[in-house]
Amino acid sequence: MVGVACIGLLFLQRYCSPRPPPAPSPQRREKTPPLWGCPGGRAPLWCGWAIGPLGALSAAHVPARARRGAENRMSTEKKPSPKPALDGMIISDTAIRQPVFITMMMLLAVVIGLICYSSLSVSLLPDINVPVVSIRVTYAGAGPDSVAAQVTRPIEDSLSTVSGVDRITSTSSQGVSSIVVEFTDTTEVDSALQDVREKISAIRNQLPDDIGEPVFAQVDPNQNPIITVAISQGQGQTDLRQLVDDEIVPQIQSAPGVGSVDVTGGQERQINVLLDMSRLQWLRVLPSTVSAAIAQANADVGLGTAVSGGREYDLRAPSVFQRPEDIASVGLGTTGYTVGDVATIEDGRADATTLVRLNGSDAVVLDIRNQSETNVVAVADAAIAKIDALAAAYPDLQFAVIHNDAVQVRANVDGAIEEILISVVLAMLVVWLFFRDVRNTLVTVVGLPVIIIATFAMMSIFHITINIVSLLAISVAVGLVIDDAIVVRENIFRHMERGETPAVASSRATAQVAASVLAMTLTIIVVFAPTAFTTGTTGILFYSFGITVAAAMALSLIEAFTLAPMLSAYWFKQLPPKPLHIKPGEEHLPHEAHEQLGRLELAYARLLRWTLRHRMLTLGIGAAFVLLSVLAASTLKFSFLPTINNHRTALSIQLPPGATLADTDAQARQIEQVVLADHAVASLLSVVGPGGASESATFQIALHEDASPDEVRERLRAQLGGYPGVIFALDRAQGGLALSTAQRPVGVRLRSTGDIDDLAPVAERLMASFRDIPGLDDMDMTYVAGSPQLQFQLDQDQANRYGLTNQTMGATLRALNDGDTATTYRAAGDDYDVVVRLRPQDRTDVANLGAVALPLGSSDVPISSLTTIVSDTGPTSIRRNNRMAEIVIGANNIGRNVNDVQADMRARVAAADLPTGVIISNGGSSEDQSEGFRSLLLAGCLSVLLVYVVLASQFGSFLQPLVIMLAMPLSFLGAFVGLWLTGLELDIVSMIGMLMLLGLVVKNSILLVDFTNQLQAAGMGKEDALERAGAVRLRPILMTSTTILLGAVPSAIGLGEGSELRRGLSTVVIGGVITSTLLTLLLIPTAYSLLQSLTARVGRGQQPQAAPAPAGDD
């Protein structure tokens, strides 16, 4: 990119510099030639379009007789003035000569831009979710320790060799292993999913035989759902869950882009084989015998093929089950008994492990998640369309959409588009205020919608979605892209004031400022070149914003060199020449040296003259402002990303380990009454026992649009203070709510290669030291100890005596208590578990299990004589990160900056006596923030270097770029003060605005220094050249700066949804442009003058590069 920029600068200087103008005719002043088919010296744009290729084509089709008649008439008429030669740049001169071609190209750009706009994906933020593949494996009846050792760890070891893996996190809980594999940004998700499948298939024989089949998904289970839907029915919930599983979920899953649909609530259909303990012992039948008999009877065996009567038949032995009742007739081996002799067959429901209510009424909830790298709005719309169709198909069901991310995304996008439109109107107003002419204003801003619309085509090329970051880039770019047109048209206007025709003025004026305009544009573009070096969430945001701005600036450069001079040539009015005040001996100087200045220009020239006479004092003032910027920066608070109000909040409760589902439900109902009584609450979704955790419950609260989530949280916090274990969730910057411990904004991660039980005491000591940190609340950790366990420890001597193994004993106990899934019963295309377990009345007490006698050999041996029951505690879940045991301590920051709270936590960690092998790192948003600021610091350094390369190439000097770049630190003062005055924190988005200032604020300096060089090359003295250049370039500098300021005002004010994310960057731009413009007008000329004096004094300075005299400077 930098190489292309430098080559472009050299090309302009070599081939596109204004050529010496021809000597003007003494007989008459040049006039705009009449356009083809249009009488008079001027013509409207539509008439001008008729010339060029279309005009030649039309003339070629005129009949010969008509042409001869026209020629005879023209011979008797006065011939028009000869068309003046255009002696500017090749690009702009071609545009002036071919208006139809340029118009068609601009129209084509608009059409393509509109097409791309309609096809671009729409999302709230750029896709900051890394490519992931999740695996879920069930292991019925196994505790977290067993799941981690026998399922999770073997899978982790296998997946660690997959190409592109960045991180593997896992959670092993009761009966379930959940593994999330995160890949690098460049990894193709589909191929990664295939690699994961192959790796797990290769180790399938190393995993327990009775695990469920692994379930794969291209979605992170920790990702917030894009849609939550509650379904209820009036006559009860008896068959609702079955209907949802069989009919509703498959329909929604068929919607394009839907990654997963998780169902919570209701009771699933299950065929229960309820064993009678007394009958088992009387008939001496083992539970495993019942399970094996049912599984063998349900086998559907293929028998090959056979030929009979000249036809080939497929042979098979189907399952003997036609109805659930058929299970009772299955024989139990050689015992002579049947299943019906020892058990009762029930077509019933599985035990409820999770309860769901919407506003206090029972319901079934669907959490719909989209696949990675898919369009949230498109997926949500497709899912909602399916839900609407299902609602029409099942009128007895009530569908309630609890939340839909597409609604929030659309509101935020609409708000950003409104701000863009307001910015366009404000930019037009600025141009009109300076030109005070409607025609000239329209000519200046007519290219603005072309640039904005064509930018969407560039976004499509670079795979950037329509989101509030890319739209923020367009909103801010409104004031930038019009800058090139302002500089070109203002210079054209100045040339026309000399008496030049619009066509000639457009040609010469464009060529005169071409190098400056190119350098101004390239400084903005190269600032965003380091997007390739930023990673993570920051890199994704920086890429989306930077590429959008750079694309808009590149288009603005094309428009300034083509459409701008073409429209000016045919739409600008001929102006009477202004008198010049040429002093004796200064006839050789350019026209600008002799123009009459206005009052504002004269006042600025006098002020500039004073600063040039007091250079050291002026530079000292500048240094003081730089020091002030450092002091202002020290008062700012830092954060990662601003949170966006999504009109929701949430809370959770955590009862002591071992609490029953009934106990948790009782407390949940009390909390529901308090929450629903709040006037700001629109709806409440309660989930008791999420994921089978009977001691916890979550509450998702939807608020009315005029409600403040912070105020609602504080009210509920005061009312629910008496309930133990209540924790509130804050809004996440990426969207959604930080309901889980690992998602909270502040935290600490503890990792160890040892056992998680050894890591737990360290985490508990750290939590105890954190409790008195100001602003720290809702603290919790992912490790929950103390879950009560009863361990049936097998007496090995007794087991050896009867030939009993621990696996056989465990399977027997699991079948008696939790149940053993013997097989599946298939009906109407659906499979239902057939579970063998004791009757409810036989498993009310653990002591009953010990009394069960097992027929071993010729003896009936009670389980209590084979095992010893030991009471113990264990974790409710085991979390691992990159194959290391991990515990995450997470908390919320209330009324205090997140970094201040995190700093206090780091101090407590540093003071703690940690055992060897324990690794501690920042959690929460601090982890992402540290990575983001490091990336942006590197990007800032590279941006400064690239801007210097562009400026050095433009001015042919090693020292003059340093003078121009003095505006960079001057802009930071306004940026920091702006954030301080508005009470905003310096976050990642604001930092991107700071980087943008690096290229933005040097634009004014380029105009000043470039024109000063031209005047000095023409023979004007240094001080006079600086004063004249400043006065002449004051108007375009004020115009461009004002358009940038007003273009950022709508976002800074925050007129639409999602303004929380846009305000910081816009405030930085406004504050930086204000201070840099005011100080640049005085400090840059002073520094330039001082540099020239120093280099002349030492005799090795860089003299201003001689530039050809501007076109028309006679």
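The values are calculated or read from the model by the stated rules, or taken from the named source; none is laboratory data. This one's a predicted model, so the numbers in the text were calculated from it and none came from an experiment. Heads up, the Cβs are rebuilt from the backbone with ideal geometry, glycines too, and the neighbour counts pull from every protein chain shown.
Selection over the stretch 515-545 of residues that are at pLDDT 85 or above and in contact with a Gly (Cβ under 8 Å, 6 or more places away or on another chain) gives a count of 7.
To keep it simple, each residue is scored yes or no on (1) among the aliphatic types (A, V, I, L, M); (2) surrounded by fewer than 21 Cβ atoms within 10 Å (Cβ to Cβ); (3) in the same structural domain as ASP987 (by TED's automatic domain parsing); (4) within 29 Å of ASN491 (Cβ to Cβ).
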| position | (1), (2), (3), (4) |
| --- | --- |
| PRO1036 | no, no, yes, yes |
| ILE1044 | yes, no, yes, yes |
| ALA1048 | yes, no, yes, yes |
| LEU1065 | yes, no, yes, no |
| VAL1073 | yes, no, yes, yes |
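When the residues of the stretch 808-822 are filtered to those that are small (Gly, Ala, Ser) and assigned to a helix (DSSP H, G or I), the one that is nearest to PRO840 (Cα to Cα) is ALA815.
Tell me yes or no: at least one residue of the stretch 859-882 is among the basic types (Lys, Arg), under 52 Å from the mean Cα position of the chain (by Cα), assigned to a loop (DSSP other than H, G, I, E, B) and modelled with pLDDT of 80 or more. Within the stretch 859-882, not a single residue is among the basic types (Lys, Arg), under 52 Å from the mean Cα position of the chain (by Cα), assigned to a loop (DSSP other than H, G, I, E, B) and modelled with pLDDT of 80 or more.
State yes or no: is MET1020 of a type outside the set (D, E, K, R), part of a loop (DSSP other than H, G, I, E, B) and in contact (Cβ under 8 Å) with a residue 12 or more places away in the chain? Yes, satisfied. Among the residues of the stretch 467-483, are any buried (at least 24 other Cβ atoms within 10 Å of the Cβ) and outside any helix (DSSP H, G or I)? Yes, some residue in the stretch 467-483 is buried (at least 24 other Cβ atoms within 10 Å of the Cβ) and outside any helix (DSSP H, G or I). For ALA1029, are the conditions met, namely being assigned to a helix (DSSP H, G or I), assigned by TED's automatic domain parsing to the domain that holds VAL549 and within 23 Å of the chain's Cα centre (by Cα)? No; evaluated as a whole, the condition is false for this residue.
Of the residues making up the stretch 432-452, those that are among the aliphatic types (A, V, I, L, M), buried (at least 19 other Cβ atoms within 10 Å of the Cβ) and either modelled with pLDDT of 85 or more or closer than 16 Å to LEU555 by Cβ (or both) are VAL445, LEU448, VAL450, ILE451, ILE452. Look through the stretch 163-211, keep the residues that are in a helix (DSSP H, G or I) and among the hydroxyl-bearing types (Ser, Thr, Tyr), and return whichever of them is nearest to GLY692 (Cα to Cα). The selected residue is SER201. Taking the stretch 269-319 as the range and being within 29 Å of GLY810 (Cβ to Cβ), over 56 Å from the mean Cα position of the chain (by Cα) and hydrophobic (A, V, I, L, M, F, W, C) as the test, the residues that pass are MET277, LEU280, TRP282, LEU283, VAL285, LEU286.
Screening the candidates ILE621, ILE644 for the property of being among the β-branched types (Val, Ile, Thr) and surrounded by fewer than 17 Cβ atoms within 10 Å (Cβ to Cβ) yields one hit, ILE621.
Candidates in the stretch 380-395 are the residues that are surrounded by 15 or more Cβ atoms within 10 Å (Cβ to Cβ) and in contact with an Asp or Glu (Cβ under 9 Å, 6 or more places away or on another chain); of these, the one that is farthest from ILE252 (Cα to Cα) is TYR394. Within the stretch 113-149, being among the hydrophobic types (A, V, I, L, M, F, W, C), assigned to a helix (DSSP H, G or I) and within 25 Å of the chain's Cα centre (by Cα) holds for LEU114, ILE115, CYS116. In the stretch 358-368, is there at least one residue being in a helix (DSSP H, G or I) and either of a type in the set (Phe, Trp, Tyr) or crowded, with 21+ Cβ neighbours inside 10 Å (or both)? Scanning the stretch 358-368 turns up no residue that is in a helix (DSSP H, G or I) and either of a type in the set (Phe, Trp, Tyr) or crowded, with 21+ Cβ neighbours inside 10 Å (or both). Could you tell me whether the stretch 696-709 includes any residue that is among the hydroxyl-bearing types (Ser, Thr, Tyr) and either touching a helix residue (DSSP H, G or I) at 6+ places or on another chain (Cβ under 6 Å) or within 19 Å of THR228 (Cβ to Cβ) (or both)? Taking every residue of the stretch 696-709 in turn, at least one turns out to be among the hydroxyl-bearing types (Ser, Thr, Tyr) and either touching a helix residue (DSSP H, G or I) at 6+ places or on another chain (Cβ under 6 Å) or within 19 Å of THR228 (Cβ to Cβ) (or both).
Here is a yes/no grid of residues against (1) touching a residue at least 40 places away in the same chain (Cβ under 8 Å); (2) farther than 21 Å from ALA529 by Cα:
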| position | (1), (2) |
| --- | --- |
| PHE434 | yes, yes |
| VAL438 | no, yes |
| VAL443 | yes, yes |
| GLY447 | yes, yes |
| ALA454 | yes, no |
| MET459 | yes, no |
| PHE462 | yes, no |
| VAL469 | yes, no |
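Of the numbered criteria (1) under 21 Å from VAL130 (Cβ atoms); (2) at pLDDT below 85; (3) not basic (Lys, Arg), the one ASP209 fails is (1).
Look at the stretch 102-121: where a residue is on the phi < 0 side of the Ramachandran plot and in contact (Cβ under 8 Å) with a residue 60 or more places away in the chain and a partner is acidic (Asp, Glu) and buried (at least 17 other Cβ atoms within 10 Å of the Cβ), sitting 6+ places away or on another chain with Cβ atoms under 8 Å, you get MET106/GLU559. Looking only at residues in the stretch 647-668 that are in contact (Cβ under 8 Å) with a residue 12 or more places away in the chain and surrounded by fewer than 14 Cβ atoms within 10 Å (Cβ to Cβ), which one is nearest to GLN719 (Cα to Cα)? By that ranking, first place goes to PRO656.
In this structure, GLN719 qualifies as within 27 Å of LEU355 (Cβ to Cβ), in contact with a helix residue (DSSP H, G or I) (Cβ under 9 Å, 6 or more places away or on another chain) and either at pLDDT 85 or above or surrounded by 15 or more Cβ atoms within 10 Å (Cβ to Cβ) (or both).
Based on what the data block shows, is LEU981 surrounded by fewer than 24 Cβ atoms within 10 Å (Cβ to Cβ), in contact with a strand residue (DSSP E or B) (Cβ under 6 Å, 6 or more places away or on another chain) and over 29 Å from GLU601 (Cα atoms)? Spelling it out, it is not the case that LEU981 is surrounded by fewer than 24 Cβ atoms within 10 Å (Cβ to Cβ), in contact with a strand residue (DSSP E or B) (Cβ under 6 Å, 6 or more places away or on another chain) and over 29 Å from GLU601 (Cα atoms). Selection over the stretch 684-695 of residues that are outside any loop (DSSP other than H, G, I, E, B) and at pLDDT below 90 gives a count of 3.
Among the residues of the stretch 665-693, just one is among the hydroxyl-bearing types (Ser, Thr, Tyr) and either farther than 27 Å from GLY747 by Cα or assigned by TED's automatic domain parsing to the domain that holds SER935 (or both), namely SER683. Considering the stretch 217-327, the qualifying strands (runs of 3 or more DSSP E), each wholly inside and each with 3 or more residues that are surrounded by 14 or more Cβ atoms within 10 Å (Cβ to Cβ) and in contact with a Lys or Arg (Cβ under 8 Å, 6 or more places away or on another chain), run over 258-264, 269-275. The residue that is nearest to LEU703 (Cα to Cα), among those in the stretch 643-677 that are small (Gly, Ala, Ser) and in a helix (DSSP H, G or I), is ALA668. If you go through the stretch 984-1014 and keep only what is among the charged types (D, E, K, R) and either surrounded by fewer than 23 Cβ atoms within 10 Å (Cβ to Cβ) or over 18 Å from GLY1064 (Cβ atoms) (or both), you end up with GLU985, LYS1003, ASP1010. The lone criterion from (1) more than 23 Å from THR753 (Cβ to Cβ); (2) buried (at least 20 other Cβ atoms within 10 Å of the Cβ) left unmet by VAL147 is number (1).
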